[in-house]
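*Asks:* Before we start, here is the structure in question, set down as structure tokens.
The values are calculated or read from the model by the stated rules, or taken from the named source; none is laboratory data. Just so it is clear, the structure is predicted and the values come from calculations on it, not from any experiment. Virtual Cβ from ideal backbone geometry, glycine too; neighbours counted across all protein chains shown. Surface areas here come from the heavy atoms of the whole protein model, side chains and all, with no ligands, DNA or RNA. Shrake-Rupley method; radii C 1.70, N 1.55, O 1.52, S 1.80 Å.
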Amino acid sequence: MEVIYQYAWLIPVLPLLGAMLVGLGLISLNQVTNSLRQLNAALIISLTGVAMGLSFALLWSQIQGHAPYMRTLEWAAAGNFHLSMGYTIDHLTALMLVIVTTVAFLVMVYTDGYMAHDPGYVRFYAYLSLFGSSMLGLVVSPNLVQIYIFWELVGMCSYLLVGFWYDRKPAADAAQKAFVVNRVGDFGLLLGILGLFWATGSFDFDVMGDRLAQLVQTGSLSNVLAILFAILVFLGPVAKSAQFPLHVWLPDAMEGPTPISALIHAATMVAAGVFLIARMYPVFEHVPAAMNVIALTGAFTAFLGATIAITQNDIKKGLAYSTISQLGYMVMAMGVGAYSAGLFHLMTHAYFKAMLFLGSGSVIHGMEAVVGHDPNLAQDMRLMGGLRKYMPVTAITFLIGCLAISGIPPFAGFWSKDEILGKAFNANPVLWGVGWLTAGMTAFYMFRMYFTTFEGKFRGNQSGMWQKLKSPAGMGIVAGFDAAPAFGPGAMTKGELEATEEYHHDDHSHDHSHGHSEYPHESPWTMSLPLAVLALPSMLIGLLGTPFANYFEEFIFPPSETLAQVVEKAAEFNPTEFYTMAGASVAISLVGITLASLMYLLGKINPVAIAAKIKPLYELSLNNGTLMTFTIVFLSSACGD
């Protein structure tokens with residue numbers, strides 16, 4: 001087993017090698033390299049597969065009890081200053097390596113089908129491989145300086161991939177926005193790193209934490225400065241993991257190809273922020289004020305993302321705001337001291353969110369055959385409907401993802417989200433209340449997405465009604481209220497009523513000038529197979545962290561605790577408390593699913609009528625409002641408690 005650790009450096013190097021070989025081919029022999037499309041793809045996928053195999057071997061070794069392994073060499077020295085570079089393998093690293101390599105490998109397989117006709121096919125694979133290598137390098141880094149180097153590489157790769165279709169202005173603008181917003185957070189992170197080094201004289205996580213605690217305890221360092229340094233470091237994860245107020249780049253990142261959306265939202269860029277909080281936990285846990293800021297930021301972000309996702313009509317934008325919300329849960333968990341719960345949700349979310357994004361890509365791929373390659377049409381859920389009949393694999397896996405993220409047992413999301421809510425309740429009932437309401441909204445908007453996309457009748461082949469569907473009354477038409485527009489707690493506005501009446505008298509002409517098919521079709525096996533594979537962990541992986549036998553927590557626990565302490569805590573499991581908390585979270589999720597079915601499946605409630613009644617709130621959500629008033633009220637009330 002020791003041999004595996006000695007060659008663990010190959011895990012980030014192998015994808016880097018693939019990116020270098022293909023990249024050099026594109027630079028020196030462009031036409032030849034582009035003509036050997038699938039050969040280049042096979043090379044990169046194979047190298048990532050080998051890295052994945054090594055990652056699983058390391059994880060198994062760590063599970064078997066192998067001691068953490070670190071290998072470093074002196075990189076720079078000046079007087080008393082010494083900087084080392086290398087790699088470390090411990091429980092957290094082993095887990096993250098498996099998450100990143102498995103999702104990256106499946107995304108690369110999926111890419112072959114999704115990007116099959118794109119002229120930038122080979123370049124996209126080179127970028128993907130470089131992105132995976134950067135994230136893997138970040139994960140194995142033994143100190144904060146090396147993390148920062150790979151942190152910036154991850155940001156650079158996201159810029160390249162979000163703006164992959166750089167000839168489209170929205171994609172170019174989105175890439176610049178992601179780059180600029182992340183530079184704000186990264187500047188704060190850099191200042192925090194320098195401040196901590198000035199105070200502690202070290203870049204090593206455990207050493208920084210211990211020395212900072214001693215300095216504050218003895219009065220050698222002001223508590224205000226310790227709080228400032230910790231919050232500055234936290235600014236890095238705020239940007240990378242899209243926390244309020246630096247969340248604004250993530251929805252626009254949907255301008256990139258769907259495979260990269262899945263990779264960014266599941267296992268790489270956004271996961272880097274939560275991973276850094278976990279790595280810096282020895283510092284944060286000694287600064288209670290910083291922990292409170294982390295918890296409040298996460299809770300508000302979770303709520304904010306959900307409120308905006310409720311009204312989105314673009315399937316990828318809806319999933320993007322969902323990611324923001326779920327990342328808020330993870331950050332809140334870290335802030336309340338639920339270290340294991342936050343990382344558990346990171347793991348479960350990586351698999352079901354990757355599946356959901358790849359599922360949305362499959363839907364878009366099928367829709368493009370009907371409506372053409374205009375993303376405004378292919379990604380609009382109001383033009384979909386009834387896709388379960390034409391895309392059964394995509395529909396089943398998407399439904400599994402919806403059940404998982406909604407927290408329905410025994411799917412993976414239930415166990416991880418419930419553990420976070422339980423720990424939040426013990427820390428601050430206000431935070432639990434926000435998380436609980438967010439869980440209900442999550443179930444509502446995810447099943448709104450599922451019913452609108454996969455149930456009912458297919459609407460995409462009726463080009464004569466596209467403008468009416470995309471009008472304010474569109475969701476009312478989708479829900480079946482074309483004949484009775486005034487039903488519900490409020491009436492439509494005059495413009496909405498006219499749009500619906502025009503649709504009702506429309507001749508439903510079938511104009512297929514945009515696409516080449518009347519109905520969508522299931523995606524090729526290279527896209528369907530990754531969906532099926534990801535469905536397994538989305539259903540089963542949560543069973544590793546049940547409160548009855550929490551194997552995950554026995555493997556991943558805070559650096560300040562021992563295994564004996566973790567086992568002792570597990571023995572204190574209270575079934576009554578668990579069933580009460582779990583029952584409350586499942587109940588609110590079922591309420592959300594019921595409301596979504598009444599509106600978008602059964603047509604018993606008119607969503608447009610409700611939107612008209614609460615028009616200011618509806619427009620605030622639809623236009624990505626930041627809810628600044630609620631921010632002030634929420635933070636002041638939570639801090640008061």
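*Asks:* Anything in the stretch 230-246 that is open to solvent by less than 10 Å² (accessible area, probe 1.4 Å) and either over 13 Å from Met334 (Cβ atoms) or in contact with a strand residue (DSSP E or B) (Cβ under 8 Å, 6 or more places away or on another chain) (or both)? List them, or say none.
*Replies:* Gly236, Ala239, Lys240, Ala242
*Asks:* Find all pairs meeting these conditions: Cβ atoms under 7 angstrom apart; at least six residues apart or on different chains; first residue within the stretch 133-159 and over 17 Å from Val233 (Cα atoms) and hydrophobic (A, V, I, L, M, F, W, C); second residue open to solvent by 30 Å² or more (accessible area, probe 1.4 Å) and assigned to a helix (DSSP H, G or I).
*Replies:* As it stands, the answer is Cys157/Tyr127; Cys157/Leu130, since those pairs meet every condition given.
*Asks:* Just give me the residues in the stretch 392-426 being aliphatic (A, V, I, L, M) and surrounded by fewer than 19 Cβ atoms within 10 Å (Cβ to Cβ), in sequence order.
*Replies:* Initially, the stretch 392-426 is screened for residues aliphatic (A, V, I, L, M), giving 393, 395-396, 399-400, 403-405, 408, 412, 420-421, 424.
The answer is Val393, Ile396, Leu399, Ile408.
*Asks:* Let me ask something else. Which ones in the stretch 372-399 are in contact with a Ser or Thr (Cβ under 8 Å, 6 or more places away or on another chain), of a type in the set (A, V, I, L, M) and farther than 29 Å from Thr101 by Cβ?
*Replies:* Met381, Met384, Leu387 - these are the residues of the stretch 372-399 that are in contact with a Ser or Thr (Cβ under 8 Å, 6 or more places away or on another chain), of a type in the set (A, V, I, L, M) and farther than 29 Å from Thr101 by Cβ.
*Asks:* Filter the stretch 598-622 for residues that are touching a residue at least 12 places away in the same chain (Cβ under 8 Å) and under 25 Å from the mean Cα position of the chain (by Cα) and give the result.
*Replies:* Matches in the stretch 598-622: Tyr618, Ser621, Leu622.
*Asks:* Let me ask you something else. State whether one or more residues within the stretch 277-291 are within 18 Å of Ile193 (Cβ to Cβ), among the basic types (Lys, Arg) and in contact (Cβ under 8 Å) with a residue 40 or more places away in the chain.
*Replies:* Yes: the stretch 277-291 contains one or more residues that are within 18 Å of Ile193 (Cβ to Cβ), among the basic types (Lys, Arg) and in contact (Cβ under 8 Å) with a residue 40 or more places away in the chain.
*Asks:* Of the residues Leu26, Leu17, Leu21, Leu83, which single one is open to solvent by less than 70 Å² (accessible area, probe 1.4 Å) and assigned to a helix (DSSP H, G or I)? Full working, then the answer.
*Replies:* Numbers: Leu17 fails: open to solvent by less than 70 Å² (accessible area, probe 1.4 Å); Leu21 fails: open to solvent by less than 70 Å² (accessible area, probe 1.4 Å); Leu83 fails: assigned to a helix (DSSP H, G or I).
Step by step, each of Leu26, Leu17, Leu21, Leu83 is checked, and only Leu26 is open to solvent by less than 70 Å² (accessible area, probe 1.4 Å) and assigned to a helix (DSSP H, G or I).
*Asks:* Here's another thing I want to ask about it. Residues in the stretch 167-179 that are in contact (Cβ under 8 Å) with a residue 24 or more places away in the chain and over 12 Å from Ala253 (Cα atoms): how many?
*Replies:* Qualifying residue count, the stretch 167-179: 1.
*Asks:* Moving to a separate point now. Any idea how many residues of the stretch 176-193 are open to solvent by less than 60 Å² (accessible area, probe 1.4 Å) and under 19 Å from the mean Cα position of the chain (by Cα)?
*Replies:* So the answer is 4.
Rundown of residues vs (1) within 28 Å of Ala378 (Cβ to Cβ); (2) touching a Gly at 6+ places or on another chain (Cβ under 9 Å); (3) not acidic (Asp, Glu), yes/no style:
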position	(1), (2), (3)
His247	yes, yes, yes
Pro257	yes, yes, yes
Phe275	no, no, yes
Pro288	no, no, yes
Phe300	no, yes, yes
Gly318	yes, no, yes
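*Asks:* Tell me, which residue of the stretch 86-132 that is over 27 Å from Gln146 (Cα atoms) and among the aromatic types (Phe, Trp, Tyr) is surrounded by the fewest Cβ atoms within 10 Å (Cβ to Cβ)?
*Replies:* Tyr121
*Asks:* With the requirement that a residue be more than 23 Å from Ser517 (Cβ to Cβ), in a helix (DSSP H, G or I) and of a type in the set (A, V, I, L, M), what does the stretch 432-473 give you?
*Replies:* Val434, Leu437, Ala439, Met441, Ala443, Met446, Met449
*Asks:* Output the residue which, of all residues in the stretch 55-73 that are modelled with pLDDT of 90 or more and either among the small types (Gly, Ala, Ser) or in contact with a Leu (Cβ under 7 Å, 6 or more places away or on another chain) (or both), is most open to solvent (accessible area, probe 1.4 Å).
*Replies:* Ala67
*Asks:* Additional query: In the stretch 150-162, what residues are within 18 Å of Leu97 (Cβ to Cβ) and open to solvent by 10 Å² or more (accessible area, probe 1.4 Å)?
*Replies:* The initial filter retains those residues of the stretch 150-162 that are within 18 Å of Leu97 (Cβ to Cβ), namely 150-151, 153-154, 157.
Residues satisfying the conditions are Phe150, Leu153.
*Asks:* Could you check how many residues of the stretch 355-407 are within 29 Å of Val586 (Cβ to Cβ) and charged (D, E, K, R)?
*Replies:* 1
*Asks:* Next question. Hey, does the stretch 571-592 have a residue that's open to solvent by less than 60 Å² (accessible area, probe 1.4 Å), touching a helix residue (DSSP H, G or I) at 6+ places or on another chain (Cβ under 7 Å), over 30 Å from His91 (Cβ atoms) and aliphatic (A, V, I, L, M)?
*Replies:* There is at least one residue in the stretch 571-592 that is open to solvent by less than 60 Å² (accessible area, probe 1.4 Å), touching a helix residue (DSSP H, G or I) at 6+ places or on another chain (Cβ under 7 Å), over 30 Å from His91 (Cβ atoms) and aliphatic (A, V, I, L, M).
*Asks:* Do the conditions hold for Met135, that is, is it under 26 Å from Gly192 (Cβ atoms) and crowded, with 24+ Cβ neighbours inside 10 Å? Talk me through it step by step, then tell me what you get.
*Replies:* On the way: under 26 Å from Gly192 (Cβ atoms): yes; crowded, with 24+ Cβ neighbours inside 10 Å: yes.
Criteria met by Met135.
*Asks:* Continuing with this model, one more query. When residues of the stretch 294-304 are filtered for being open to solvent by less than 10 Å² (accessible area, probe 1.4 Å) and in contact (Cβ under 8 Å) with a residue 60 or more places away in the chain, how many remain? Spell out the reasoning first.
*Replies:* Within the stretch 294-304, the first condition is being open to solvent by less than 10 Å² (accessible area, probe 1.4 Å), and the residues that meet it are 294-295, 298-302, 304.
Narrowing further to those that are in contact (Cβ under 8 Å) with a residue 60 or more places away in the chain: 294-295, 299-300, 302, 304.
Within the stretch 294-304, residues that are open to solvent by less than 10 Å² (accessible area, probe 1.4 Å) and in contact (Cβ under 8 Å) with a residue 60 or more places away in the chain number 6.
*Asks:* Do we find that Asp206 is open to solvent by 50 Å² or more (accessible area, probe 1.4 Å), modelled with pLDDT under 90 and part of a helix (DSSP H, G or I) in this structure? Steps first, answer last, please.
*Replies:* Working: open to solvent by 50 Å² or more (accessible area, probe 1.4 Å): yes; modelled with pLDDT under 90: yes; part of a helix (DSSP H, G or I): yes.
Against the criterion (open to solvent by 50 Å² or more (accessible area, probe 1.4 Å), modelled with pLDDT under 90 and part of a helix (DSSP H, G or I)), Asp206 qualifies.
*Asks:* Could you tell me whether the stretch 81-94 includes any residue that is closer than 25 Å to Thr562 by Cβ, aromatic (Phe, Trp, Tyr) and at pLDDT below 95? Before the answer, list the steps.
*Replies:* Our first condition is that a residue be closer than 25 Å to Thr562 by Cβ; within the stretch 81-94, this holds for 87-94.
Cutting the leftovers down to aromatic (Phe, Trp, Tyr) gives us 87.
Remaining after also requiring at pLDDT below 95: 87.
The answer is yes, given that some residue of the stretch 81-94 is closer than 25 Å to Thr562 by Cβ, aromatic (Phe, Trp, Tyr) and at pLDDT below 95.
*Asks:* Does Gly65 satisfy the condition of being over 28 Å from Val233 (Cβ atoms) and under 24 Å from the mean Cα position of the chain (by Cα)?
*Replies:* Numbers: over 28 Å from Val233 (Cβ atoms): yes; under 24 Å from the mean Cα position of the chain (by Cα): no.
When the stated conditions are applied, Gly65 does not pass them.
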